[in-house]
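> Questions regarding the structure given below will be posed in turn.
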Amino acid sequence: IVTLPQNLPAGVEINNALGVVKLTGLEGAHVIRGCGRAEISRNAGGVTVENPRGAVELSEIQGPVNLTNTRQAVNLRAIHGPVRLDVKGGAVTIGHSSGPLQLEATDAQIEITDVGHDASATARVVDIEQARNSRIKLQEIKGSVAIKAERSPVEAEEVTGDFKVDSSSDRVRVNRIEGVLWVKSKNGAVEVEEVRGLTTIEATRDVTVRNFRGQLNVTSREGAIDLETSEKLNGDLSVVSDRGRIRVSLPKDSGFRLEANAGAGRVTAQGFDDNEWTQEERSYVSGYNITKSSPMVSLRSSRGEIQLRSSGLATASNN
């Protein structure tokens, strides 16, 4: 046990400690290498922990945090400085911190809550550079997010900035995204709800989007595409499917320029006024209640069926 005078800037370096390392209420940059469990709280200065054998718990840190080659649980709370993590296993929990956060993870359970601050809504506050065989869950992120995931399901809710995810071999589920949304998913379903900005989804499996407002571009190679909104469109809608079914629900009192082409399939429209269509054939339907400012709705499927349905009268949008 070492006791230092209060408010004395003093960095601590500890190497190959066999047991628990605890630092509390210090000022200075600390480096800990090869310890058992590490517990550090109320520190004014940076913290570096390398190759810990046990869990790492940091709270109320004013400065940068760098954790390398962690293999057990990591719990970070109230970190006010940039965070860099290299995780090789265990549960990772990060909350009530300012960011930005950079993370590489393998075989980990990752949960990130309340990171960023209102002034940084356009800045990237979470950057998961690589996640393999992990589970990722984000909530209340005040800023932009970028994720590259391999065999790792992704869940995100309440992101005030842009959201970008490149995923392979697992599901992506996001809800309440305020900024631009870009999702690329290979061999995993995509589920999106309440998105306000420009949205682009490139997938090979099923895609579901509910309660969208802005411009929406969706492509899927093999999966079914289901899109539904109860608000009037304020941006173009482009949907392309190679072999899957396309189902779109829009308010019947929306004006839009429609071009629905099912190729070898069939186009059906339900709940709209038939006399408003400019052209209506078995596999091709165009026009509907067109005005000069009407957004374009383009639905194309090479071999799948296209279904256009009315979602009733449009609800008032909330800006």
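The values are calculated or read from the model by the stated rules, or taken from the named source; none is laboratory data. Just so it is clear, the model here is predicted, and its values are computed rather than measured. Cβ sites come from the backbone with ideal geometry, for glycine too, and all protein chains shown count toward neighbours. When the accessible area is computed, the model is the full protein with side chains, heavy atoms only, and any ligands, DNA or RNA have been set aside. Shrake-Rupley method; radii C 1.70, N 1.55, O 1.52, S 1.80 Å.
> In region 102-112, is there at least one residue being without any contact (Cβ under 8 Å) to a residue 24 or more places away in the chain, open to solvent by less than 50 Å² (accessible area, probe 1.4 Å), aliphatic (A, V, I, L, M) and closer than 27 Å to residue 28 by Cα? Before you say what the answer is, go through the steps one by one.
We begin by selecting, within region 102-112, every residue without any contact (Cβ under 8 Å) to a residue 24 or more places away in the chain; these are none.
No, there is no match, as no residue in region 102-112 is without any contact (Cβ under 8 Å) to a residue 24 or more places away in the chain, open to solvent by less than 50 Å² (accessible area, probe 1.4 Å), aliphatic (A, V, I, L, M) and closer than 27 Å to residue 28 by Cα.
Let's see how each residue does on (1) open to solvent by 10 Å² or more (accessible area, probe 1.4 Å); (2) farther than 23 Å from residue 306 by Cβ; (3) at pLDDT below 95:
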| residue | (1), (2), (3) |
| --- | --- |
| 154 | no, yes, no |
| 171 | yes, yes, yes |
| 183 | no, no, no |
| 194 | yes, yes, yes |
| 231 | yes, no, yes |
| 237 | no, no, yes |
| 253 | yes, no, yes |
| 262 | no, no, yes |
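> For region 49-61, does any single residue satisfy the condition of being assigned to a strand (DSSP E or B), open to solvent by 30 Å² or more (accessible area, probe 1.4 Å) and not acidic (Asp, Glu)?
Within region 49-61, the subset assigned to a strand (DSSP E or B) is 49-50, 56-61.
Going one step further and asking which of them are open to solvent by 30 Å² or more (accessible area, probe 1.4 Å), we end up with 50, 57, 60.
Then keep just the ones that are not acidic (Asp, Glu); that gives none.
Scanning region 49-61, I find no residue that is assigned to a strand (DSSP E or B), open to solvent by 30 Å² or more (accessible area, probe 1.4 Å) and not acidic (Asp, Glu), so the answer is no.
> Among the residues that make up region 38-54, is at least one of them among the polar types (S, T, N, Q), touching a Lys or Arg at 6+ places or on another chain (Cβ under 6 Å) and touching a residue at least 12 places away in the same chain (Cβ under 8 Å)?
No; the residues of region 38-54 include none that is among the polar types (S, T, N, Q), touching a Lys or Arg at 6+ places or on another chain (Cβ under 6 Å) and touching a residue at least 12 places away in the same chain (Cβ under 8 Å).
> Continuing with this model, one more query. On the basis of being at pLDDT below 90 and surrounded by 13 or more Cβ atoms within 10 Å (Cβ to Cβ), does residue 18 make the cut? So that I can check it myself, show each step before the final result.
Working: at pLDDT below 90: yes; surrounded by 13 or more Cβ atoms within 10 Å (Cβ to Cβ): no.
Criteria not met by residue 18.
> Please list, ordered by first then second residue, the pairs with beta carbon atoms under 6 Å, 6 or more apart or interchain, first in region 6-32 and free of Cβ contacts under 8 Å to residues at least 24 places away in the same chain, second open to solvent by less than 40 Å² (accessible area, probe 1.4 Å) and of a type in the set (Ser, Thr, Tyr).
Listed by first residue and then by second, the contacts come to 24/41; 31/48.
> Can I ask one more? Within region 95-111, which residues are part of a strand (DSSP E or B), more than 16 Å from residue 149 (Cβ to Cβ) and among the polar types (S, T, N, Q)?
Step one: list which residues in region 95-111 are part of a strand (DSSP E or B), which gives 95-97, 101-106, 108-111.
Subsequent filtering for residues that are more than 16 Å from residue 149 (Cβ to Cβ) retains 95-97.
Across region 95-111, the qualifying residue is only 97.
> State all residues of region 196-209 that are in a strand (DSSP E or B), closer than 21 Å to residue 144 by Cα and open to solvent by 20 Å² or more (accessible area, probe 1.4 Å); if no residue qualifies, say none.
Going residue by residue through region 196-209, those that are in a strand (DSSP E or B) are 199-203, 207-209.
Still in the list and also closer than 21 Å to residue 144 by Cα: 199-202, 209.
200, 202, listed by residue number.
> Kindly establish whether residue 123 is over 17 Å from residue 149 (Cα atoms), touching a strand residue (DSSP E or B) at 6+ places or on another chain (Cβ under 8 Å) and not hydroxyl-bearing (Ser, Thr, Tyr). So that I can check it myself, show each step before the final result.
Numbers: over 17 Å from residue 149 (Cα atoms): yes; touching a strand residue (DSSP E or B) at 6+ places or on another chain (Cβ under 8 Å): yes; not hydroxyl-bearing (Ser, Thr, Tyr): yes.
Answer is yes for this residue.
> Could you say whether any residue in region 73-94 is part of a strand (DSSP E or B), closer than 19 Å to residue 137 by Cβ and of a type in the set (Gly, Ala, Ser)?
The initial filter retains those residues of region 73-94 that are part of a strand (DSSP E or B), namely 74-79, 83-87, 90-94.
Pick out the ones that are also closer than 19 Å to residue 137 by Cβ and you get 74-77, 79, 83, 85, 87, 90-94.
Keeping just the survivors that are of a type in the set (Gly, Ala, Ser) gives 90-91.
There is at least one residue in region 73-94 that is part of a strand (DSSP E or B), closer than 19 Å to residue 137 by Cβ and of a type in the set (Gly, Ala, Ser).
> If residue 146 satisfies all but one of (1) more than 12 Å from the chain's Cα centre (by Cα); (2) surrounded by fewer than 23 Cβ atoms within 10 Å (Cβ to Cβ); (3) of a type in the set (A, V, I, L, M), what's the number of the condition it fails?
Condition (1) is where residue 146 drops out.
> When the residues of region 159-169 are filtered to those that are within 20 Å of residue 237 (Cα to Cα) and charged (D, E, K, R), which remaining residue is surrounded by the most Cβ atoms within 10 Å (Cβ to Cβ)?
162
> In addition: Taking residue 190 as meeting all but one of (1) open to solvent by less than 30 Å² (accessible area, probe 1.4 Å); (2) aliphatic (A, V, I, L, M); (3) within 16 Å of residue 300 (Cα to Cα), write down the number of the exception.
Of everything listed in (1) open to solvent by less than 30 Å² (accessible area, probe 1.4 Å); (2) aliphatic (A, V, I, L, M); (3) within 16 Å of residue 300 (Cα to Cα), residue 190 misses just condition (3).
> Is region 119-133 home to any residue that is open to solvent by 60 Å² or more (accessible area, probe 1.4 Å), modelled with pLDDT under 95 and over 24 Å from residue 188 (Cβ atoms)?
Yes.
> Let me ask something additional. I need the full set of residues from region 24-45 which are open to solvent by 20 Å² or more (accessible area, probe 1.4 Å) and not small (Gly, Ala, Ser), in order please. Talk me through it step by step, then tell me what you get.
From region 24-45, those open to solvent by 20 Å² or more (accessible area, probe 1.4 Å) are 24-27, 29, 31, 33, 37, 39, 41-42, 44; that's our starting set.
Result: 24, 26, 27, 31, 33, 37, 39, 42.
> Hey, any hits in region 15-36 for a residue that's part of a strand (DSSP E or B) and closer than 21 Å to residue 112 by Cβ?
Scanning region 15-36, I find no residue that is part of a strand (DSSP E or B) and closer than 21 Å to residue 112 by Cβ, so the answer is no.
> Go through (1) open to solvent by less than 10 Å² (accessible area, probe 1.4 Å); (2) at pLDDT 85 or above for residue 222 and report which single condition fails.
(1)
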